[in-house]
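The values are calculated or read from the model by the stated rules, or taken from the named source; none is laboratory data. Bear in mind the structure is a predicted one, so any value in this text is a computation, not a measurement. Here the Cβ is made from the backbone with ideal geometry for all residues, glycine too, and neighbour counts use every protein chain on show. For accessibility, only protein heavy atoms count, side chains too; no ligands or nucleic acids. Shrake-Rupley method; radii C 1.70, N 1.55, O 1.52, S 1.80 Å.
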Amino acid sequence: MNILITGASKGLGLALARQLARRGHSLVINARGEAALREAERELAKITTVIAIAGDVSEVAEEIAAKSGTVDILINNASELGPSPMPLLIDHSWESLLRIFRVNVVAPIHLIQLLRPHTVVNITSDAGANAYPHWGGYGASKAALDHASRILAKEMPEMRVLVVDPGDMNTEMHALAEPGVDLSHLPSPDEVAPRIIAMLDEEKVAVA
C-alpha cells in the first residue's frame, strides 16, 4: 500500500510515518523544511521504500502528485499556525490568514482532487469546533477543513474520509502556539499515532 503523508518531517506526521513504515507500507513524505525531511527520509528508508518531496504543500501539490504514483491513503497532516504568538482575529493580517487557509484547507482539497485516493485522513483540531481567543485564524481554517471533509464524504461515497482530532500534544507547533506554556504533561505524537493507525484499520470508520 502506498501512503502519502504531508508534514511528515516531525511531530505527528513523522510518528505516523514510522509506524506505517514498520508495517511495510511504501511512503511518500512531504514537508516544507528540507533538512528535517531528508533526515526523516534516511531513517525511514532503512525500513521501507520512501519518496521525499520537499516544499510547501500549497505550492508543490502537482509535483507531489506527479512523483507519488497511485496513492491508496492520503494523510493531510501539514498545517500552518500563523504568527507566534497568535494575534487576536481582529488584528490578524489578511495576508497571514490567506496563507493559513491555503495550507490548511485549499492544499488538502487540491491533493485529494489530484490523487483521488481510496482513503483520506484530514488532521483537524478542537480549535475548529471551539472558540478559543487568539486561535481564530487556525481554528477557522480547521473548521473549514472539517466541513469540506463532510461535503466530500457526501459527494464521493466510494472514498473513505476520516477527520481526526489528535488532541493536544507536546509538539513544536503547540509550543509556538502557546509560548512559555509547560507542555510536558501532554502526550507525545508517538503516543497518539497508534490511535490514528487503529482508525485506519477500522473499515467502516468515516466522517460523521
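Summary of computed values
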read-out	value
Cβ-placed point charges (K, R +1; D, E -1), dipole of the chain about Cα centre in debye, nearest 20	520
Distance between the stretch 78-144 and the stretch 1-61 - C-alpha centres, whole angstrom	21
Kyte-Doolittle mean at least -0.5, axial Cα span of 27 Å or more - DSSP H helices of the chain	136-155
Overall form of the stretch 141-201 per C-alpha gyration tensor (a/c, 1.5; a/b vs b/c)	oblate
Shape call, the stretch 87-204: gyration tensor on alpha carbons, a/c limit 1.5	oblate
Relative packing of peptides 39-46, 6-13, 92-99, 78-85 - highest average C-beta neighbours within 10 Å first	6-13, 78-85, 39-46, 92-99
Mean separation of Cα contacts under 8 Å, 6 or more apart, over the residue count of the chain: relative contact order %	20
GNM result for the chain, Cα springs below 10 Å: residue of 104, 76, 170 fluctuating most strongly	170
The stretch 10-55 - charge dipole about Cα centre, Lys and Arg +1 at Cβ, Asp and Glu -1, debye rounded to 20	140
Accessible heavy-atom area order of 91, 72, highest first, probe of 1.4 Å	91, 72
Cα centre as origin, Lys/Arg/Asp/Glu Cβ charges: the stretch 102-186 dipole, Debye	460
The chain, accessible surface, carbon-and-sulfur percent (1.4 angstrom probe)	55
Tensor-based shape of the stretch 1-132 (alpha-carbon gyration tensor, a/c under 1.5 rounded, otherwise prolate or oblate)	prolate
Estimated 222 nm signal from helices in the chain, with DSSP H stretches of n ≥ 4 weighted -39500 (n - 2.57), rounded to 500	-13000 deg cm²/dmol
